[in-house]
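Report on the structure given below.
Bear in mind that the values in this text are calculations on the coordinates, not laboratory data. These numbers come from a predicted model, not from an experiment. Cβ atoms come from the backbone with ideal geometry, glycine included; neighbour counts cover every protein chain shown.
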Amino acid sequence: MNKLKFSKPSENELAILQVLWEREPATVKSVNEVLNQKKPTGYTTTLKLMQIMHDKGLVTRTTEGAKGKSHLYSSAVTEKQVNGQLLDQFIQRVFRGSASSMVMRAIGRSEISAEEIEEIRNFLDGLDNNPPS
């Protein structure tokens, strides 16, 4: 499988990406307003993080407005790509590369409804019929 490699986002960068996935394109100001609903974050902190994310290739930036002073940011990576990379790293680090150990542990730690069990069975049946390449 061909996997896109990109710099792992920090916790704060991930929070910004989550805002962008819902509201892109967005200005620093609008992203900062959303972040402030959960935790006080200074505008300059958000601006600096988004500039760093641009340098890392996590976001793209376009100029808007007559004087070109305002920037619109969009994610350069999808939520699925980031989730996949973080999950792969988590499985390697915590479960020594064993996805089955992770799944068994997750299932064993929570109450699972009959509907969820059926959804898991259908997913596994689908893998039997169409194994990943």
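Brief remarks follow.
- A count restricted to the range 92-117 and to residues that are of a type in the set (D, E, K, R) and surrounded by 11 or more Cβ atoms within 10 Å (Cβ to Cβ) stands at 2.
- Here the condition is being out of contact with any strand residue (DSSP E or B) (no Cβ under 7 Å at 6 or more places or on another chain), of a type in the set (Gly, Ala, Ser) and within 15 Å of Thr78 (Cβ to Cβ); of Gly57, Gly42, it holds for Gly57 alone.
- Leu87 being surrounded by 14 or more Cβ atoms within 10 Å (Cβ to Cβ) and among the aliphatic types (A, V, I, L, M): no
- Evaluation of Pro40 against (1) surrounded by 13 or more Cβ atoms within 10 Å (Cβ to Cβ); (2) assigned to a loop (DSSP other than H, G, I, E, B); (3) free of Cβ contacts under 8 Å to residues at least 40 places away in the same chain (one fails), failing number: (1)
- The range 62-84, residues that are buried (at least 16 other Cβ atoms within 10 Å of the Cβ) and either within 17 Å of the chain's Cα centre (by Cα) or under 16 Å from Ser7 (Cβ atoms) (or both): Tyr73, Ser75, Ala76, Val77, Val82
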